[in-house]
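Readers should treat all values here as calculations from the given coordinates under stated rules, not as data from a laboratory. Only a predicted model underlies this, so the values are computations on that prediction, with no experimental measurement involved. Cβ atoms come from the backbone with ideal geometry, glycine included; neighbour counts cover every protein chain shown.
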Amino acid sequence: MSVRTFTRRFREEVGISPVQWLTQQRVERARHLLEETDLSVDRIAADAGFGTAASLRQHLQTALGVSPSAYRSTFRLVRS
């Protein structure tokens, strides 16, 4: 199957491109790690597949409108 056909069929089934889907999955993984662990932002970025903390910050800001540390702080306030 060609990349173009795969991308078209994926979008038809899921509603978004494979790259958008993958980014959403990575953001969800990062959110989980921020909520449940004390790992550094660098480690979370690597574990979630972003590679760098800067990339994680950029994608989290785009998706949620907050930085990783702000997300973690907010979640922990709610949980306490």
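Ignoring solvent entirely, what values of log10 I(q)/I(0) come out of the Debye formula for the range 17-79 at 0.12, 0.13, 0.28 Å⁻¹ when each Cα is a single scatterer? For the requested q values the scattering log ratios are -0.24, -0.29, -1.27.
Taking R11, R43, R57 in turn, the Gaussian network model of the chain (Cα-Cα springs below 10 Å) assigns the largest fluctuation to R11.
Treating only the Cα positions of the range 1-41 as identical point scatterers, give the base-10 log of I(q)/I(0) from the Debye formula at each q in 0.18, 0.23 Å⁻¹. Values returned for q = 0.18, 0.23 Å⁻¹ are -0.58, -0.71. Within the shell defined by Cβ-Cβ distances under 13 Å, the residues around A48 carry a net charge of 0, with Lys and Arg each +1 and Asp and Glu each -1.
When D38, D47 are arranged by Cβ crowding within 10 Å, least crowded first, meaning fewest neighbours, the order is D38, D47. Per-residue Karplus couplings for the range 11-18, computed as 6.51 cos²θ - 1.76 cosθ + 1.60 with θ equal to phi - 60°, are listed in order as 4, 4, 7, 9, x, 9, 6, x Hz, Gly and Pro entered as x. Here the gap between W21 and Q58, fully extended at 0.36 nm per residue and compared with their Cα-Cα distance, gives a gain of 11.7 nm.
What angle do you read, to the nearest 10 degrees and between 0 and 90, between the alpha-carbon axis of helix 53-64 and the longest principal axis of the chain? The angle comes out at about 80 degrees. Calculated [222 nm] ellipticity per residue, helices only, for the chain: -25000 deg cm²/dmol; basis is -39500 (n - 2.57) per DSSP H run with n ≥ 4, divided by all residues, nearest 500.
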